[in-house]
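Visitor: Just passing along the structure, written as structure tokens.
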Amino acid sequence: MSATLQVPRVKRVHTTTTACRACAAPGLVDLHAFGDLPLANALLRVDEPDPAELRVPMTLVLCPACTLLQ
């Protein structure tokens, strides 16, 4: 009899920024939504896929007050 490995699902853990990180002005403008991406420092090996891989939404925004892209 073989046992089935149960992999727990990982909740999405992120915060949405509504003000500029540099000047704190509100009203960021969405320029491009990249969709849900895996974390850059949590790469998986090809031979060990993880169905519960953490993914976070990634959106490029512009601050109209100081023109910072973030």
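The values are calculated or read from the model by the stated rules, or taken from the named source; none is laboratory data. These numbers were taken from a predicted model, which means no experiment stands behind them. We place every Cβ from the backbone using ideal geometry, glycine too, and count neighbours over all the protein chains shown. The area values use the complete protein model at the heavy-atom level, side chains included, leaving out ligands, DNA and RNA. Shrake-Rupley method; radii C 1.70, N 1.55, O 1.52, S 1.80 Å.
Visitor: Just to check your reading of the model, which residue among 22, 33 is assigned to a strand (DSSP E or B), open to solvent by less than 100 Å² (accessible area, probe 1.4 Å) and at pLDDT 95 or above?
Guide: That would be 33, the only listed residue that is assigned to a strand (DSSP E or B), open to solvent by less than 100 Å² (accessible area, probe 1.4 Å) and at pLDDT 95 or above.
Visitor: Give me the pairs: first residue in segment 38-56 and modelled with pLDDT under 75, second residue open to solvent by less than 80 Å² (accessible area, probe 1.4 Å) and of a type in the set (Asp, Glu), beta-carbon distance under 7 Å, and six or more apart or on different chains, which are they?
Guide: If the second residue must be open to solvent by less than 80 Å² (accessible area, probe 1.4 Å) and of a type in the set (Asp, Glu), the pairs left are 44/50; 44/53.
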